[in-house]
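Mind having a look at this structure? Questions to follow.
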Amino acid sequence: MTDLHDLTLAEQAAAVRARTVSPTELVDHHLRRIGELNGLLGAYRTVDAPGAHRAARAAEARLAAAGTGAAAGGAGEGAGLPPLLGVPLSVKDTWPVAGLPFTAGSAAFDDRVAPTDAAAVGALRAAGGVLLGTTTAAEFGCSAYTETAHATARSPHDPTRGAGGSSGGAAASVAAGLAAGALGSDGGGSVRIPAAACGVVGLKPSRGRVTPAPGTDALGLATAGPLARTVLDTALLLDAMTGSTPGDGSTLPAVPTGHFRSCAERDSGPLRIGILPPADGWHPEAALACRRTADLLADLGHRVEQAPPLDPGEYLPDFTVLWSVLAAAVPVPPEREERLLPLTRWLRARGREHDAVRLYAAMASLTATARTICRRYERFDAVLSPTTDQPPLPVGSLVDPDDPERTYARMLAVTPRTPVANLTGRPSISLPLHRTPDGLPIGVMLTARLHQEGLLLSLGAQLERARPWGHHATRQAAVLERARQAAVREQDRQAAAPEQVRQTAARPERSAR
């Protein structure tokens with residue numbers, strides 16, 4: 001019998017409409033699973049059980065009011081039901097969720113509570129999603145790993161390894177079945193990197209596709225992005241999130257209802273795909289993942305060609321100026337600066353060194369570089385590369401607490417290509433198409449022209465049908481169960497240790513002879 005958390009987002013939504021499972025049953029199941037695994041994986045920052053139960057009951061009332069015709073409506077639109085009705089979701093702790101702690105991954109804000117929902121959060125609620133809580137995020141979204149003062153997000157495929165960042169908790173929640181889908185954010189790869197580390201799908205949409213309200217990204221790097229276990233689930237989340245708010249710096253025309261779902265359900269037709277040549281630093285398994293995906297694309301009828309190399313030196317220096325200024329721009333009370341992590345403090349110090357003229361020059365330089373990169377790859381419908389240069393890394397391996405500059409350099413060395421889509425504004429997706437011999441996920445990344453999320457979803461779904469990845473959940477479940485049992489044994493050992501000490505202290509000493 002299939003466990004409820006093993007159902008995809010689309011399957012859970014269909015089961016709710018068909019009344020084979022209730023929203024409350026889904027919520028209760030996921031909350032129990034969070035209780036069992038969150039201590040091991042560090043996926044959630046805050047679990048909102050009361051709010052999730054209220055939302056589940058509201059979904060059941062709406063379903064009851066719709067009558068039995070709702071099940072016959074397929075996606076439910078004809079019956080007036082929202083597409084994600086009753087489906088449990090998680091939200092990265094860099095997005096405000098009304099009434100919940102809103103720390104942005106930082107101990108400096110551990111007592112802050114969000115007064116209102118982010119627009120993307122409200123859109124997920126309007127689509128019927130049930131929010132289980134907020135997930136662990138890297139501090140201010142600054143790092144490609146998620147190791148905070150509160151928790152460390154770990155890959156469910158090997159909990160000794162990190163979940164990536166900065167949406168590490170969101171990716172871990174989806175991969176471990178602690179949510180059917182998640183809302184993340186991506187300013188330099190922060191959706192795609194954790195998707196690769198956790199073996200799920202992560203999509204960075206085009207600039208302007210999803211509003212950042214009530215916040216802003218004046219520098220144009222960051223956007224909301226969905227994480228899910230399948231390409232169809234990713235499309236359903238993007239359909240729900242898409243939209244703009246007055247005052248947004250970038251906006252795109254509205255798309256028809258269900259547009260991205262329809263893209264995931266249709267064939268893309270023959271495409272021209274460019275594959276980046278291997279570069280220094282690529283792990284052999286990352287290179288193999290790229291080659292095998294290129295071969296698969298050719299077998300599916302696409303034209304696969306060698307693409308020009310990409311030199312991170314073109315953009316990383318100017319990108320670092322913007323990245324440091326974004327970190328410095330977060331308003332932190334002076335008396336709380338010491339609560340920040342070393343990398344964040346270092347970035348903020350660097351950001352404060354740049355005046356408006358230097359910032360403008362970096363922005364202008366990056367705009368010119370982005371145009372050059374777009375022209376270089378314009379002949380391709382999509383460009384293929386590994387998402388990251390390495391498999392999921394051991395927890396703590398990127399961090400040098402005594403040298404944050406070295407931490408930053410290590411981080412960029414592992415994820416040198418993901419910022420390109422943020423600089424150009426183009427859509428980019430990470431797909432879990434490869435596993436190492438010991439079962440670690442390797443993500444492959446496809447980046448398309450501006451506004452072409454639909455093409456990426458069509459192509460991704462075609463690859464998923466040709467090389468499904470859902471069967472890896474069985475091995476992951478076994479890994480998680482072994483890790484959970486080991487954690488329980490360690491807790492029992494620690495609990496028994498004080499009692500053993502007490503008994504030893506109380507035991508009378510033998511007289512020496």
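Can you work out the PRE-style zone for ARG292? Point 7 Å along Cα to Cβ, and I want the residues of the range 449-476 with backbone N under 15 Å.
463-473
Tell me the accessible surface of VAL399 in square angstrom (1.4 angstrom probe, heavy atoms of protein chains only), to the nearest ten.
Roughly 50 Å² of VAL399 is accessible to a 1.4 Å probe.
Residues of the chain: accessible area per residue at 1.4 Å, in Å²?
For the chain, the solvent-accessible area averages 40 Å² per residue.
I would also like to ask the following. Quick check on the chain: helices-only [θ] at 222 nm, where DSSP H runs of length 4 and up contribute -39,500 (n - 2.57) each and the sum goes over total residues. Nearest 500, please.
Result for the chain: -13000 deg cm²/dmol, rounded to the nearest 500.
By how many nm would the segment from ASP492 to GLU335 grow when fully extended, if each residue of separation counts as 0.36 nm and the alpha-carbon distance is taken off?
Taking ASP492 through GLU335 to full extension adds about 52.6 nm, to one decimal.
On full extension of the chain, what length is gained from ARG482 through ASP267, given 0.36 nm per residue of separation minus the C-alpha to C-alpha distance? All intermediate terms of the calculation are to be shown ahead of the outcome.
On the way: separation 215, 0.36 × 215 = 77.40 nm, distance 4.00 nm.
The ARG482-ASP267 span can extend by a further 73.4 nm.
On a full-extension model of 0.36 nm per residue, what is the gain between SER365 and ALA413, subtracting their alpha-carbon distance, rounded to one decimal in nm?
15.1 nm
Sort the following peptides by mean Cβ neighbour count (other Cβ atoms within 10 Å, averaged over residues), highest first: 290-299, 156-165.
On the way: 290-299: 16.9, 156-165: 26.4.
Highest-to-lowest ranking by the protection proxy: 156-165, 290-299.
Now for a different question. Here are labelled values, (1) 1.10; (2) 0.98; (3) 2.56, and one is the computed Cα Rg over 2.2 N^0.38 Å for what I pasted. Which one?
Matching entry in (1) 1.10; (2) 0.98; (3) 2.56: (2).
For the range 358-389 and the range 183-224, write down the distance between their C-alpha centroids in whole Å.
17 Å
Can you tell me what share of the DSSP beta bridges in the chain is antiparallel? A percent to the nearest 5 is fine. If you can, show how the numbers build up before the last one.
Details: 29 of 45 bridges.
Approximately 65 percent, going by the DSSP bridge assignments.
How large is the accessible surface of MET445 in square angstrom, using a 1.4 angstrom probe and rounding to the nearest 10?
Only protein atoms counted, so the area is about 10 Å².
Tally Lys/Arg at +1 and Asp/Glu at -1 over every other residue whose Cβ is under 14 Å from the Cβ of GLU265; what's the total? Each step should come with its number before you reach the end.
Values: positive: ARG261, ARG266, ARG465; negative: ASP233, ASP239, ASP267, GLU464.
Net of charged neighbours comes to -1.
The values are calculated or read from the model by the stated rules, or taken from the named source; none is laboratory data. Not measured: the values here are computed from a predicted model. A quick note on method: Cβ atoms are made from the backbone with ideal geometry, for glycine too, and the neighbour counts reach across all protein chains shown. The accessibility values were calculated without ligands, DNA or RNA, using every heavy atom of the protein model including side chains. Shrake-Rupley method; radii C 1.70, N 1.55, O 1.52, S 1.80 Å.
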